[in-house]
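The values are calculated or read from the model by the stated rules, or taken from the named source; none is laboratory data. Being a predicted model, the structure only gives us computed values, none of them experimental. Cβ sites come from the backbone with ideal geometry, for glycine too, and all protein chains shown count toward neighbours. What goes into the accessible areas is simple: the full protein's heavy atoms, side chains included, and nothing from ligands, DNA or RNA. Shrake-Rupley method; radii C 1.70, N 1.55, O 1.52, S 1.80 Å.
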Amino acid sequence: MKVAVLVFPGSNCDWDCVHAAEETLEGATVERVWHTTSDLTGYDLIIVPGGFSYGDYLRSGAIARFAPVMSAVAKAAEDGVFVLGICNGFQILTEAGLLPGALRRNAGLKFRCHYSNLRVTNNSTAFTSGYEANEVIDIPIAHGEGNYYCDDETLAQLKRNNQIVFTYESNPNGSIEDIAGIMNTSGNVLGMMPHPERAVSDLLGSKDGVRMFASIMKAWRERHATNVN
Amino acid sequence: MQPTLTKNETTSSLEQGKANMLKEPTPQQIADGRIYATMGVTDAEYAHICELLGRKPNYTEIGVFSVMWSEHCAYKNSKPLLKRFPVTGDRVLVGPGEGAGIVDIGDGQAVCFKIESHNHPSAIEPFQGAATGVGGIIRDIFSMGARPVALLNSLRFGQLTDERVRYLFEHVVSGIAGYGNCIGIPTVGGEVMFDSSYEGNPLVNAMCVGLIDHKDIQRGVASGIGNPVYYVGPPTGRDGIHGATFASEELTEESEAKRPAVQVGDPFMEKLVMESCLELIQSGIVIGIQDMGAAGLTCSSAEMASKAGNGLELHLDEVPQRERGMTPYEMMLSESQERMLFVIEEHNEAIAMEIFDRWGVICRKVGRVTDDGRLRLTYGGEEVADMPVRGLVDECPVYEKPSQVPAYYTANEAIDTTSYPEVVDVNEALLKVLGSPTVASKEWVYRQYDSMVRASTAVAPGSDAAVVMVRGTRKALAMTTDCNGRYAYLDPFMGGRIAVAEAARNIVCSGAEPLAITDNLNFGNPEKPENFWQMEQAVDGMAEACRHLSTPVIGGNVSLYNENAKGAIYPTPVVGMVGLVHDVDHITQQGFKQEGDIVLLLGTTQAELGGSEFQTVIHGVTEGRPPVVNLDTELNLQHAVLRVIQAGQVQSAHDLAEGGIAVALTESAISGSIGVTADWHIEGLRKDVALFSESQSRVLLSVRPQHVEAVLESCAQYDVPVQRLGVVGGDRIQLRVNGEAAIDVARIEAERVWKDAIPCLMQ
């Protein structure tokens, strides 16, 4: 499995994602990929990491969506490559139109960082098959603009298609319907505000994030096996 | 990115700058009008400058001298005191004098750390003041070649009942959060205390900790005659001019007018500058590198030249500028943020430029190293200043200020802090103390900080010390900041001693061996003999404790002139300490862990209420003498605690500090989300005094029943008195004293009071 972790100016969770992927995805090759790259051919998983790309100036993710690498991400997403956007990565994916909705400022107007209980509302995805249905997991959040919003029609669509993957047990930011993470209709692009890459060992306080990476690996193996046969 | 001027604009800017220079006072006018005095230069100092130059300084030169000779840069009032600190040790690789000190942690690795104040800017413009304080200290760390891995901050404010204080508190915290969160360095710890003494003059001390391999250690030296000097970072503007001078005087009503002396931070830019500079350093071509902190281009260039014993020539037209018509004076004194200066050999220029281009960071050659020992500035091809480097850096007069014992100190000796009327309802007293903002949970603060980015934080804010893991090893770093200003006010010597001892105790309780300290000396106006006495005493107390506990001072900062309308702030010598956790298995936290664990109290309790939280909250005074710490007793305690932790016999460890045993027991229960039942035998003390006494060298441990004997034995070996206090379990916090009911409160109730206090005040 070949993993790309994108690096924009101002990304700051890129190394955390590299380390988490290396530690949890056995046998995977993990590379940091610069924002100017325009070809992502050959990668099986693209991680858009957290941070403050371009300082989050203007609006978080609003400038990053114009980086050359984002056209390559769009193409890869279309081709069915797994794309995981975490925190600022989620914001970038919504700005780029790869996921519906938008992330607004937290309802309390303050940055919030703490462990957060998430409910796995859909465990039949490539990202969450390792979790039990409706299991509550412990994953940290760290954001100032994580208040997910979409219009009623989009929300109805998200529900109808089972695109809501994670919800907060205790809503920290005012997100509509407690949404913490959603995926696209094809199920290969996931965006989430919480940080699974920070929950990969007991020493860090939780290793509930490990099963997300394991799920992706399993999905990739299954797909790979299918292709070979 | 901030716009820089185009070529045509630069030409017209130069003409405009020259025109602006013509409006500057002439050397004669500076002398006649004593214009130097407005820059904080005394008559005697001015005369000395004239002597060094052999003529009267022009406007640029007097500006440069004034900042170089400010307290902030020259330590002219504190230097004799700083010499009293122990600064060497087996593990010390870099001591005071560089951007930050460095201590060995084995395996070719080292830890680099420093603390610095941004008190005055934060009093005027809290968000930017605090933010740029964080930015500045981060630059100090990466300019040494270290990768910043953690931030801490030590804050002091007036009472939260005051509207202005709430404003300052709110914006200082968001300024720290805004900078640290964006740049991606976790803010893992620190402390916040509230006392009217800090009203109008809050303290904002920021500490940064970095990791470095020995081979990568950098120095801020401009060596190699003829080598080019480069400027890195955003263009220079007119912000922060005379920031260092501003930091070296008292805040007054006119200070508000000095708001332009407060710089504006851009953490995104600093992230790019940091990554590109670390990459430059890793490339191995750097000869010298230093950040432009206080006094910007002036201080960095003069210090780099001085450390190499060389001179430096700067071509100011080459300095990237974002405002038109800037004069040499303005460029030299600007404190625009996120800028660095470095020296490489000319033939390596392409390597450097490739790195900065890739990161989108401006890098421009602005001068060269010379052999004449002078700092020479040119502008539009003309020489506009010529000063001896040694004169700027080393010739600033050092003052031995008169010192005098303050009347309050003498008067306090007679005060008996055990004679207050007895507080019978100790439960109610406990809840009051828990709800005091100094003791209450700081979750409202640290929840705004990203404490987990870099995915290495093993102990986040809220325990005795924060712990950050060293990736790829079994090691970790424990870190804390400590100082109780009330103790330091009542007895600066003892307060200084306690600050070091308590920091070390916190480090030990988290499972680490104390390594070294960085200090931030926050005091009032040193020209007042009583204030200078406080400083002298505090430094002596700290120095003694550092020697005893083998934790040398590897760097720090001095912030004087912290005063408000009522006088000087409480002397607040903040200690930032880092310790080494030898194995991650040793990491220990304050919260109780498991039902049935036995709670032990190590140390001796005496009637010591002077400067205590109980005394302030319940009796409304801060008086008498503070607790006494005996350094032999302290060292024994720390050795015993560290040994039993390292032997794997400890479930939780918590230092007894503000609020004494009553608060410590409650905090361990709250943090562990489990109750405790204890019965304490204590001779000769009234119940309320015993429960809230802040006697030093005490630690609360919880251990598994099967480990009790071994722990008692280790304590006996180190001569540490230990008492079996009770058992972890249940949902109440119960503490009987000599068989009599004393504390009995539902854990949830205590937690509610403790957690809600600050959010309620801030609503």
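Values for this structure:
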| read-out | value |
| --- | --- |
| Looking only at the stretch B:432-456, and only at residues there that are at negative phi and within 7 Å of chain A (Cβ to nearest Cβ), the one that is most open to solvent (accessible area, probe 1.4 Å) | B:ARG447 |
| Strands (runs of 3 or more DSSP E) completely within the stretch A:159-220 that count 2 or more residues being within 14 Å of chain B (Cβ to nearest Cβ) and open to solvent by less than 50 Å² (accessible area, probe 1.4 Å) | none |
| Residues that are open to solvent by less than 10 Å² (accessible area, probe 1.4 Å), more than 14 Å from B:LEU81 (Cβ to Cβ), touching a strand residue (DSSP E or B) at 6+ places or on another chain (Cβ under 7 Å) and outside any strand (DSSP E or B), drawn from the stretch B:509-551 | B:CYS509, B:SER510, B:GLY511, B:ALA512, B:GLY524, B:THR551 |
| A:GLU145 part of a helix (DSSP H, G or I) and of a type in the set (Asp, Glu) | no |
| Unmet criterion (only one of (1) modelled with pLDDT of 95 or more; (2) out of contact with any Leu (no Cβ under 6 Å at 6 or more places or on another chain); (3) more than 14 Å from every other protein chain (Cβ to nearest Cβ); (4) buried (at least 24 other Cβ atoms within 10 Å of the Cβ)) for B:SER283 | (4) |
| Among (1) open to solvent by 50 Å² or more (accessible area, probe 1.4 Å); (2) within 14 Å of chain B (Cβ to nearest Cβ), the one test that A:TYR149 misses | (2) |
| B:ARG364 vs. criteria farther than 14 Å from B:ARG238 by Cα, surrounded by fewer than 19 Cβ atoms within 10 Å (Cβ to Cβ) and of a type in the set (Lys, Arg) | yes |
| Criterion violated by A:LEU155 - all others in (1) assigned to a loop (DSSP other than H, G, I, E, B); (2) touching a residue at least 12 places away in the same chain (Cβ under 8 Å) satisfied | (1) |
| B:GLY603 in contact with a helix residue (DSSP H, G or I) (Cβ under 9 Å, 6 or more places away or on another chain) and either modelled with pLDDT under 95 or open to solvent by less than 40 Å² (accessible area, probe 1.4 Å) (or both) | yes |
| Residue in the stretch A:68-87 that is touching a helix residue (DSSP H, G or I) at 6+ places or on another chain (Cβ under 9 Å) and under 22 Å from B:MET269 (Cβ atoms) present | no |
| Some residue of the stretch B:461-472 being within 18 Å of B:GLY180 (Cβ to Cβ), open to solvent by 10 Å² or more (accessible area, probe 1.4 Å) and not in a helix (DSSP H, G or I) | yes |
| Meets criteria (more than 14 Å from chain A (Cβ to nearest Cβ), assigned to a loop (DSSP other than H, G, I, E, B) and open to solvent by less than 10 Å² (accessible area, probe 1.4 Å)) for B:LEU580 | no |
| Residue that is farthest from B:LEU700 (Cα to Cα) [pool: residues in the stretch B:594-613 that are charged (D, E, K, R) and assigned to a loop (DSSP other than H, G, I, E, B)] | B:GLU608 |
| Residue, least open to solvent (accessible area, probe 1.4 Å), within the stretch B:372-400, restricted to residues that are among the acidic types (Asp, Glu) and under 24 Å from B:ALA74 (Cα atoms) | B:ASP386 |
| Tally of residues being in a helix (DSSP H, G or I) and open to solvent by 10 Å² or more (accessible area, probe 1.4 Å) across the stretch B:125-135 | 2 |
| Members of the stretch B:675-698 found to be open to solvent by 10 Å² or more (accessible area, probe 1.4 Å) and closer than 16 Å to B:ASP731 by Cβ, listed by number | B:THR677 |
| Answer residue from the stretch B:718-752, given it is farther than 20 Å from B:THR677 by Cβ and touching a residue at least 40 places away in the same chain (Cβ under 8 Å) and is surrounded by the most Cβ atoms within 10 Å (Cβ to Cβ) among those | B:VAL720 |
| Among residues of the stretch B:462-499, those that are within 14 Å of chain A (Cβ to nearest Cβ), of a type in the set (S, T, N, Q) and under 27 Å from B:ARG447 (Cα atoms), counted | 1 |
| Test: residue in the stretch B:718-726 that is assigned to a loop (DSSP other than H, G, I, E, B) and at pLDDT below 95 | no |
| Qualifying residue in the stretch B:666-674 (condition: hydroxyl-bearing (Ser, Thr, Tyr), in a loop (DSSP other than H, G, I, E, B) and open to solvent by 10 Å² or more (accessible area, probe 1.4 Å)) | yes |
| The stretch B:614-642, subset among the small types (Gly, Ala, Ser) and either part of a loop (DSSP other than H, G, I, E, B) or at pLDDT below 95 (or both), residue nearest to B:GLY435 (Cα to Cα) | B:GLY620 |
